[in-house]
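Trainee: So that we are looking at the same thing, I have put the structure below in structure tokens.
The values are calculated or read from the model by the stated rules, or taken from the named source; none is laboratory data. This structure is a prediction, so every number in the text was calculated from the model and none was measured. Please note: Cβ atoms are built from the backbone with ideal geometry, for glycine as well, and neighbour counts cover all protein chains shown.
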Amino acid sequence: MERYETALQLLPGRYWTQLREIAPEIEEYRMRVGKPLSFVRSGREYPLSGELVSEADLLRTLEKATGASLHTAAPAMARGYLCVRGVRIGLCGEMQWVDGAPKGFHSYSSLALRVPHECRGICDETMRTLYANGFLNTLILSPPGGGKTTALREMIRCLSDRGTRLCVCDERGELAASEGAIPGFDLGRHTDILSACPKAEAAMMLLRGMNPQIIAMDEITQREDLLAVQEIVGCGVGLLATAHAASIDDLQRRPLYRKLLALGAFQAALVISIHGDRREYSGRLFS
Amino acid sequence: MKGIGLLLTSAALLLTAFQSVARQKKQLDTQRELCTALERMAAELGEHSLPLPELMDELSSDASTLLRPFFASLILSLQSLDEQSFSASWRQAVDRQLSLSAADKTTLYRLGSYLGRYSGQMQSDVVLSVRSELLRELQRREVSASDKRRVTAALSAAAISMLLILNL
């Protein structure tokens, strides 16, 4: 089943007919209690006419996503999301805390369903230019929803199919969207995937056990991730990662990323910018 | 003719009494097995957080013919969550597949809105609370069933004796 179809079927059935034709182009669905269902296409959000979303709709979506077993997704849900066959569902509502730790939700007010896409060839030209003299540790940059994960997935596949031994830290299960042992996305012939493990621990395990030439990870967002980066680079292993920033200037304005750049771990950046309905991929070298 | 009439009337009386006892026995057996299944359900949810499809599968494979259709129908509904919510399917399965009194069915409906929606521990707690309600009701009914059986037997014997006296 296509990914967009998986995402569509998680929504209440009354929206299916209205959305089916445009579903392949949709990047995200937003369900907010008491508001119309909306979808994001080319970075812009559009409301859908019809019945408003209710809390029961949110519960039904979560029920379908987990096979009526929300309790099995509790660890991920306590971090605010769950991942179903590559579709990442972000959660909002009233959180439940037990002994100072988040345990899940008392009630739900919004869901954001991110629809994963496979876009072959989007990075070919940039990779040719950037890697003319061999691989460079690369950071993929774009604002949220800009397509970083899609670009990372494509770069992993290209590098791996060229014979590079590549390991993926897939903390949220979004990159590979594996069902059991089989990845839902083609990540190349020489790729090993470690999922559902925090990046810092995953990086250490991969370095110790899998002898990678490159390690790939999505979304460097916290201090612990910097440790992973430091370990990987310290071992002389190549690195591919993504970060939320519209440009290199934007990246340098953020304290966490300033520290990341200070490590000197990355030699190149692939910057994704959105122009209307089009995305542009440009390669930059860090001075 | 009198003899045949007497025989038929006695047989009808005995059959009615037997049917009533059998129906009651089936309800009690179902309720007893259900209490055992609910105890296991609570343990699996609380200790192992088993996903519902796996849990229903396990319960179904160990269930007797009284409960197997109930769990089998829940397994089917878990495979078609697009069509109906699990709580609606649960209610439907309780209504259609379980031989229980209306009051017991109402007690069981409550579980449908908890199963699969909350933490394993919370579900386990609700399952245990429903189980203890059913168990209390079962014990009360077992005592009354035994009384009822005795009364039915006595009444049947009395009625047959009266018929015999009247016809002699």
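Trainee: Just one of B:R141, B:R136, B:R117, B:R110 is under 30 Å from A:L62 (Cα atoms) and within 17 Å of the chain's Cα centre (by Cα); which is it? First the steps, then the outcome.
Mentor: Numbers: B:R141 fails: under 30 Å from A:L62 (Cα atoms); B:R136 fails: under 30 Å from A:L62 (Cα atoms); B:R117 fails: within 17 Å of the chain's Cα centre (by Cα).
After applying the criteria, what remains is B:R110.
Trainee: Taking the range A:225-241, which residues are buried (at least 17 other Cβ atoms within 10 Å of the Cβ) and within 12 Å of A:I215 (Cα to Cα)? Walk me through it before giving the result.
Mentor: First, the residues of the range A:225-241 that are buried (at least 17 other Cβ atoms within 10 Å of the Cβ): A:225-226, A:228-229, A:232-233, A:237-241.
Across the range A:225-241, the qualifying residues are A:A228, A:V229, A:I232, A:V233, A:V237, A:G238, A:L239, A:L240, A:A241.
Trainee: Can you name the number of the only condition in (1) modelled with pLDDT of 90 or more; (2) in contact with a His (Cβ under 7 Å, 6 or more places away or on another chain); (3) farther than 22 Å from A:L11 by Cα that A:P144 fails?
Mentor: Condition not satisfied by A:P144: (1).
Table: residues versus (1) more than 17 Å from A:M204 (Cα to Cα); (2) over 20 Å from the mean Cα position of the chain (by Cα).
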site: A:I220; (1), (2): no, no
site: A:D225; (1), (2): no, no
site: A:G236; (1), (2): no, yes
site: A:H244; (1), (2): yes, no
site: A:L251; (1), (2): yes, no
site: A:R254; (1), (2): yes, yes
site: A:L261; (1), (2): yes, yes
site: A:L270; (1), (2): yes, no
site: A:S287; (1), (2): yes, yes
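Trainee: Please list, ordered by residue number, the strands (runs of 3 or more DSSP E) wholly in the range A:168-287 having 2 or more residues that are among the β-branched types (V, I, T) and in contact with a Gly (Cβ under 8 Å, 6 or more places away or on another chain). Talk me through it step by step, then tell me what you get.
Mentor: On the way: elements: A:191-195, A:214-217, A:238-244, A:268-275, A:278-285.
The strands (runs of 3 or more DSSP E) meeting that bar are A:214-217, A:268-275.
Residue by residue, here is whether (1) of a type outside the set (G, A, S); (2) away from every other protein chain (no Cβ under 14 Å) holds:
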{"residue": "A:R79", "(1), (2)": "yes, yes"}
{"residue": "A:C83", "(1), (2)": "yes, yes"}
{"residue": "A:K103", "(1), (2)": "yes, no"}
{"residue": "A:S109", "(1), (2)": "no, yes"}
{"residue": "A:V115", "(1), (2)": "yes, yes"}
{"residue": "A:R120", "(1), (2)": "yes, yes"}
{"residue": "A:E125", "(1), (2)": "yes, yes"}
{"residue": "A:P143", "(1), (2)": "yes, yes"}
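Trainee: Can you confirm whether the range A:112-120 contains a residue that is of a type in the set (V, I, T), more than 24 Å from A:P24 (Cα to Cα) and under 22 Å from the mean Cα position of the chain (by Cα)?
Mentor: No, the conditions are met nowhere in the range A:112-120.
Trainee: Only one of (1) away from every other protein chain (no Cβ under 14 Å); (2) within 19 Å of the chain's Cα centre (by Cα); (3) surrounded by fewer than 20 Cβ atoms within 10 Å (Cβ to Cβ) fails for A:E5. Which number is that?
Mentor: All conditions pass for A:E5, except number (1).
Trainee: Is at least one residue of the range A:24-35 within 13 Å of chain B (Cβ to nearest Cβ) and in a strand (DSSP E or B)?
Mentor: no
Trainee: Test A:S287 against the criterion of being of a type in the set (S, T, Y) and either touching a residue at least 60 places away in the same chain (Cβ under 8 Å) or crowded, with 18+ Cβ neighbours inside 10 Å (or both), and give yes or no.
Mentor: In short, no.
Trainee: Also, I was wondering about something else. Only residues that are aromatic (F, W, Y) and in contact (Cβ under 8 Å) with a residue 40 or more places away in the chain: list them for the range B:61-101, please.
Mentor: none
Trainee: Turning to a different aspect of this structure: Are any residues in the range A:163-172 within 10 Å of A:C83 (Cα to Cα) and buried (at least 20 other Cβ atoms within 10 Å of the Cβ), and if so, which ones? Outline the logic, then answer.
Mentor: Keep residues of the range A:163-172 that are within 10 Å of A:C83 (Cα to Cα), which gives A:172.
Listed by number, the list is empty, since nothing qualifies.
Trainee: Same structure, new question: Go over the candidates A:T72, A:T66, A:T61 one by one and state the one that is in contact (Cβ under 8 Å) with a residue 40 or more places away in the chain, among the polar types (S, T, N, Q), buried (at least 17 other Cβ atoms within 10 Å of the Cβ) and within 12 Å of another protein chain (Cβ to nearest Cβ).
Mentor: A:T61
Trainee: Do you know which residues across the range B:120-133 are without any contact (Cβ under 8 Å) to a residue 40 or more places away in the chain and either touching a Lys or Arg at 6+ places or on another chain (Cβ under 8 Å) or away from chain A (no Cβ under 14 Å) (or both)?
Mentor: B:V126, B:S129, B:S132, B:E133
Trainee: Consider B:Y114 carefully, then state whether it is part of a loop (DSSP other than H, G, I, E, B), free of Cβ contacts under 8 Å to residues at least 12 places away in the same chain and not polar (S, T, N, Q).
Mentor: No; evaluated as a whole, the condition is false for this residue.
Trainee: Search the range B:100-111 for residues being part of a helix (DSSP H, G or I) and farther than 18 Å from B:I75 by Cα, and hand back the single one that is nearest to the other protein chains (Cβ to nearest Cβ).
Mentor: B:R110
Trainee: Going residue by residue through the range A:41-58, is there one that turns out to be buried (at least 21 other Cβ atoms within 10 Å of the Cβ) and either within 13 Å of another protein chain (Cβ to nearest Cβ) or in contact with a helix residue (DSSP H, G or I) (Cβ under 7 Å, 6 or more places away or on another chain) (or both)?
Mentor: The answer is yes, given that some residue of the range A:41-58 is buried (at least 21 other Cβ atoms within 10 Å of the Cβ) and either within 13 Å of another protein chain (Cβ to nearest Cβ) or in contact with a helix residue (DSSP H, G or I) (Cβ under 7 Å, 6 or more places away or on another chain) (or both).
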